[in-house]
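Student: Let me give you the structure first, and then I'll get to my questions.
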Amino acid sequence: MKRFLLVIAVATPCLLPNLAFAHHGPETVKLPAMMGEVTFQHYAHQDRVEDCTTCHHMGVEAGACRSCHGVKSEAPKAKDAFHTLCRDCHKKNDGPTKCGGCHKK
């Protein structure tokens, strides 16, 4: 019994960080665009960023990006915001940076 409790005591802290990064939201997000739809692999990107505010700067509760971007004058257009955020991250992390890498007609 003591051995069992020791295993639990040692294993639990190792497992807890994995629970903190559980997937939230949809697995994929389809973003319509003039150059072709972007299928954004949401779960895959969650595994690569430190926290949700990396992309959701106003918090997840703020709603869809396009509820501000392209609507409110103080917010950049959605296209500009996505291109800046996504391309900059892709350049740093060897993701696709050419149009056809993300946009599919």
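None of the figures in this text is laboratory data; all of them are computed from the coordinates on show. As the structure is a computational prediction, the values presented were derived from the model and not from experiment. All Cβ positions, even for glycine, are placed from backbone atoms using ideal geometry, and neighbour counts span all protein chains on display.
Student: Can you pull out the trypsin sites (Lys or Arg not before Pro) in the range 54-96 that DSSP calls coil and that have at most 12 other Cβ atoms within 10 Å?
Tutor: Working: sites: Arg66, Lys72, Lys77, Lys79, Arg87, Lys91, Lys92; in loops: Lys72, Lys77.
When the trypsin sites (Lys or Arg not before Pro) of the range 54-96 are filtered for loop state and at most 12 Cβ neighbours within 10 Å, Lys72, Lys77 remain.
Student: Oh, and also: Whole-Hz Karplus ³J(HN,Hα) for the range 28-41, in order, using 6.51 cos²θ - 1.76 cosθ + 1.60 and θ = phi - 60°, x for Gly and Pro?
Tutor: Per residue, the Karplus-derived 3J(HN,Hα) values read 10, 10, 9, 10, x, 7, 4, 7, x, 4, 9, 9, 8, 7 Hz.
Student: What are the ³J(HN,Hα) values, in whole Hz, obtained from phi via the Karplus relation 6.51 cos²θ - 1.76 cosθ + 1.60 with θ = phi - 60°, for each residue of the range 68-77 in sequence order, with x given for Gly and Pro?
Tutor: Working through the residues one at a time gives 10, 5, x, 10, 8, 4, 7, 9, x, 4 Hz.
Student: Between His24 and His90, what FRET efficiency follows from the Cβ-Cβ distance if R0 is 30 Å, with the result rounded to 0.05? Before the final figure, lay out the partial values.
Tutor: Values: r = 22 Å, r/R0 = 0.73.
Once the sixth-power term is evaluated, E becomes 0.85.
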